[in-house]
1. Consider residue 11 against the criteria (1) part of a helix (DSSP H, G or I); (2) under 21 Å from the mean Cα position of the chain (by Cα); (3) surrounded by fewer than 17 Cβ atoms within 10 Å (Cβ to Cβ); (4) not hydroxyl-bearing (Ser, Thr, Tyr): it satisfies all of them except one. Which criterion is unmet?
2. Residues being part of a helix (DSSP H, G or I) and surrounded by 13 or more Cβ atoms within 10 Å (Cβ to Cβ): count how many of those fall in the range 150-165.
3. Output the residues belonging to the range 36-51 that are closer than 14 Å to residue 16 by Cβ, touching a residue at least 12 places away in the same chain (Cβ under 8 Å) and assigned to a helix (DSSP H, G or I).
4. Identify the residue in the range 72-95 that is closer than 23 Å to residue 171 by Cβ and among the charged types (D, E, K, R) and, among all such residues, is farthest from the chain's Cα centre (by Cα).
5. Are any residues in the range 125-181 more than 28 Å from residue 115 (Cβ to Cβ), among the charged types (D, E, K, R) and out of contact with any Leu (no Cβ under 9 Å at 6 or more places or on another chain), and if so, which ones?
6. Yes or no: the range 140-154 includes at least one residue that is of a type in the set (Ser, Thr, Tyr) and either closer than 17 Å to residue 95 by Cα or out of contact with any helix residue (DSSP H, G or I) (no Cβ under 8 Å at 6 or more places or on another chain) (or both).
7. For the range 134-144, enumerate the residues that are open to solvent by less than 30 Å² (accessible area, probe 1.4 Å) and either in a loop (DSSP other than H, G, I, E, B) or of a type in the set (Gly, Ala, Ser) (or both).
8. For the range 55-133, list the helices (runs of 4 or more DSSP H) that sit wholly inside it and hold at least 2 residues that are open to solvent by less than 10 Å² (accessible area, probe 1.4 Å) and of a type in the set (Val, Ile, Thr); which are they?
Amino acid sequence: MAAPKPNTRHDIIQAALEEFAEAGYDRTTMEAIALRAQVAKGSLYYHFPSKEALFRALFAERAERLATLTEEAVVQDQWQGAMRAWSDFFWAEEAFLELFLSEAWRNRERERLVQQFLHRIIAPVVPVLKTRSDNAELMGYALFGAIAVPALHLLKQPEPQRLLLDNLMQALADWISAHMA
C-alpha cells in the first residue's frame with residue numbers, strides 16, 4: 001500500500017467541514033467527503049474509521065486552535081482580546097461556526113465534546129472577568145455567544161460586513177466597562 005500524501009488528513013478534515021456545513025451531518029456521506037477531498041474511500045477510512053470519528057477529529061482540531069488563540073489573546077488584551085480572537089476566528093472559519101451552532105449539539109456525546117471545548121475556550125477569560133462579575137464563568141459564556149451568533153448572522157448576509165461585528169464588540173466592551181466595574 002502506498003503511503004498517503006502528506007496533507008491527506010488535513011484535506012479530508014477540510015472536505016468534511018465543507019460537506020457537514022453544506023449538507024448537515026446526517027445527509028453527509030463518507031463518499032461525498034472522499035470525493036470532495038479527492039481521495040479514495042479506502043484512504044478516508046485509513047485516517048478515520050467512521051463519520052463520527054471524522055466529525056470529532058475536525059471539531060477537536062478547530063477547537064484546539066480557537067483555545068490557543070484565546071489563551072494568547074487574553075495574555076495580550078484580557079477579555080477584549082478574547083472577543084477579537086473569537087470574531088477573527090469565526091470570520092475566517094464560517095463553515096466551522098455554522099457546524100458548531102447547528103450540528104455539534106445533536107446528541108449527548110457531542111454535547112460533552114462541545115462542553116469541553118467551551119470550557120477550554122472560556123477558562124482563560126474567567127480570571128480577568130472575576131473583577132467585573134460575581135459569575136465570571138457565565139459572563140464568559142455570554143460573551144462567546146454574543147460574538148458567535150451575530151458573526152454567523154452577518155456571514156450569512158449577501159454582503160457580510162465585518163465592521164458591524166467590530167462595532168458590536170466595541171459596544172459590548174463599553175457596556176461591560178461601564179456597568180461591571
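The values are calculated or read from the model by the stated rules, or taken from the named source; none is laboratory data. All values derive from a computational prediction rather than experimental measurement. Cβ placement follows ideal geometry from the backbone for every residue including glycine, while neighbour counts extend to all protein chains displayed. Heavy atoms of the whole protein, side chains included, go into the accessibility calculation; ligands, DNA and RNA do not. Shrake-Rupley method; radii C 1.70, N 1.55, O 1.52, S 1.80 Å.
1. All conditions are met except number (3).
2. Total meeting the criteria: 8.
3. Scanning the range 36-51 gives 36, 37, 43, 44, 45, 47, 51.
4. 77
5. If the condition is that a residue be more than 28 Å from residue 115 (Cβ to Cβ), among the charged types (D, E, K, R) and out of contact with any Leu (no Cβ under 9 Å at 6 or more places or on another chain), then 159, 166, 174 are the ones that fit.
6. Scanning the range 140-154 turns up no residue that is of a type in the set (Ser, Thr, Tyr) and either closer than 17 Å to residue 95 by Cα or out of contact with any helix residue (DSSP H, G or I) (no Cβ under 8 Å at 6 or more places or on another chain) (or both).
7. Correct list: 136, 140.
8. So the answer is 108-122.
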